[in-house]
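All of the numbers you see were taken from the coordinates with simple rules; none came from a lab. Please read all numbers here as calculations on a predicted model, not as lab measurements. Glycine gets a Cβ as well: all are built from the backbone with ideal geometry, and neighbour counts include every protein chain shown.
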Amino acid sequence: MARSIEQLVDYVKKTQNATFKAYTRALLSMLSHAEAEAKRNITRQFVGRNGRKLSGRMLNSVFFDVQFDASKGNLPIGVFGTRGIPYGRIHEYGGEIRPKKAKHLWLKQWGGRADKFRRMTPTEFIKEKNSNPKEYKIFMSKKNNLIAAYTPANGDIVPLFVLRQRVTIPERPYLRPALETALKDFPIGMKAQVKKQFMGIT
């Protein structure tokens with residue numbers, strides 16, 4: 001089973017089967033529409049705190065492809081989703097995250113003076129804490145949250161991480177709505193492509 005849009009396009013150019021051409025062109029148009037719609041959903045739904053722009057890894061992970069066996073000439077199957085990011089599925093369907101090896105999940109805090117430490121990792125925090133325990137502390141807050149913070153000599157407390165044993169991620173679908181939107185236009189696109197083929201328009 002070959003997965004290559006280039007192979008499929010090449011086959012479409014050579015085949016005389018008008019229905020196959022129409023279906024394939026409508027399918028590729030639908031998948032392209034679904035990809036663009038999913039990226040719009042991500043841009044709308046996934047925004048960091050205080051409007052912070054996200055890295056773009058999730059946006060760039062959205063893709064579409066086809067499964068097609070040129071030797072049999074069967075109708076191609078569309079493939080649509082995300083790849084290369086382990087958190088794509090849990091954002092789509094929601095669920096609970098727990099640490100695999102560590103005791104806690106370290107959730108980065110943003111805003112105010114904490115932004116000065118935006119590149120600090122949990123490993124770096126522990127290293128700083130071991131070398132300077134007076135300024136880097138882990139303590140329990142009044143709301144029973146375990147906090148990793150920077151505590152300079154002037155008495156300020158700058159929360160850098162919240163430590164939790166589990167985190168519930170809400171369902172924020174971005175792929176399914178995109179596919180549903182694209183599928184609504186598929187029958188229309190199919191009819192238009194068939195009409196073009198039988199009218200001799202390529």
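Remarks
- Restriction of the trypsin sites (Lys or Arg not before Pro) in region 94-131 to DSSP coil positions whose beta-carbon has at most 12 other beta-carbons within 10 angstrom yields K100, K101, K103, R118, R119.
- Seen from F125, the other residues with C-beta closer than 13 Å to its C-beta sum to a net charge of +3, counting Lys and Arg as +1 and Asp and Glu as -1.
- Computed magnitude of the charge dipole of the chain (debye, nearest 20; Cβ of K, R +1, Cβ of D, E -1): 600 debye
- What you get for region 99-165, charging only the Cβ of Lys and Arg (+1) and of Asp and Glu (-1), is a dipole of about 300 debye around the Cα centre.
- Debye intensity ratio in log₁₀ form over the Cα atoms of the chain, taken at each q of 0.15, 0.17, 0.19 Å⁻¹: -0.98, -1.15, -1.31
- Of K21/K191; K14/K72; K39/K184; K39/K196, pairs whose Cα-Cα distance is over 22 Å: K39/K196
- Residues whose amide H falls under 5 Å from that of V66, counting only those 5 or more places apart or on a different chain, are S4, I5, V79, with hydrogens built in the peptide plane.
- Eligible lysines near K116 by straight Cα distance, threshold 21 Å, same-chain separation 8 or greater: K53, K108, K127, K129, K134, K137
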